[in-house]
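> I'd like to ask some things about the structure below.
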Amino acid sequence: MKFLKLKTVPVAPWSSPQPLNLHPRLCTFFYLCVGLSVFGLGEAALVSANAGVSPWTVLAQGVGRVANVNLGLATLLVSVCVLLFWIPLRQTPGIGTVANVLIVSLVIELSLRVLPQPEAISFQVAQAVAGVLLVGLGSGIYLVANLGPGPRDGLMTGLARRTDLPIAVVRTTLEIAAVAVGWSLGGNIGLGTVLFAFGIGPAVSLGLHAVGLTFTGTDAD
């Protein structure tokens, strides 16, 4: 269970030297795209499982309900607020921050057309768990590329660096907080939401650990 103690993102031979890199190596950009595609597939698997939305979607639902705006605009507002927290954490965006939105959205849209929508609760849970693991693996790959994280991942890595707490602990705390606030504002939760909230932190750490071991034979501390 060493991966649960992971506090920093591993560095691979193909990692970018800095997040704000407008001319990354082809291999770095390739792994960024692969990671975000796997990430999007995992998100789509969770949605099509019909077992509940992700914690941050619950938060967006609650914000939309209070502000009387649609889910898309509410999601944008939440993302902007999260990005504002990057300022005191001194997080640096990059092309990966933009690609996160574009690639993940596209993969989700395409994947939802072909992924099954199980009716049996056992299959729904299995697909939701698979979705969480895929999001964790995808996060591990694209974060190691170091071309800029998405809003939530940037908040996670920034807080992990500032607090010196394991990434799994920081991410789980953020997800639970998002669920709690979203639910209190009127968002809807399900079994998949709970699985994601408690599982995505360890899943991301496992993904980072796996990528670190695969490409460097070690991982970060």
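> Does region 135-151 hold any residues that are under 22 Å from Leu59 (Cα atoms) and either buried (at least 24 other Cβ atoms within 10 Å of the Cβ) or touching an Asp or Glu at 6+ places or on another chain (Cβ under 9 Å) (or both), and which are they?
Result: Val135, Gly136, Ser139, Pro149, Gly150.
> Going through Phe30, Phe39, Phe85 one at a time, which residue ends up being at pLDDT 90 or above, buried (at least 22 other Cβ atoms within 10 Å of the Cβ) and among the aromatic types (Phe, Trp, Tyr)?
It is Phe39.
For every residue, the table says whether it meets (1) more than 30 Å from Arg25 (Cα to Cα); (2) of a type outside the set (S, T, N, Q); (3) out of contact with any Leu (no Cβ under 6 Å at 6 or more places or on another chain); (4) part of a helix (DSSP H, G or I).
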position	(1), (2), (3), (4)
Val98	no, yes, yes, yes
Arg113	yes, yes, yes, no
Glu119	yes, yes, yes, no
Ser122	yes, no, yes, yes
Gly154	no, yes, yes, yes
Ala160	no, yes, yes, yes
Gly182	yes, yes, no, yes
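> Another question, then. All but one of (1) within 22 Å of Val144 (Cβ to Cβ); (2) at pLDDT below 95; (3) not β-branched (Val, Ile, Thr) hold for Ser111; which doesn't?
(1)
The values are calculated or read from the model by the stated rules, or taken from the named source; none is laboratory data. Predicted, not measured: the structure shown is a model, and the values here were computed from it. Ideal geometry is used to build each Cβ from the backbone, glycine not excepted, and the neighbour counts take in all protein chains shown.
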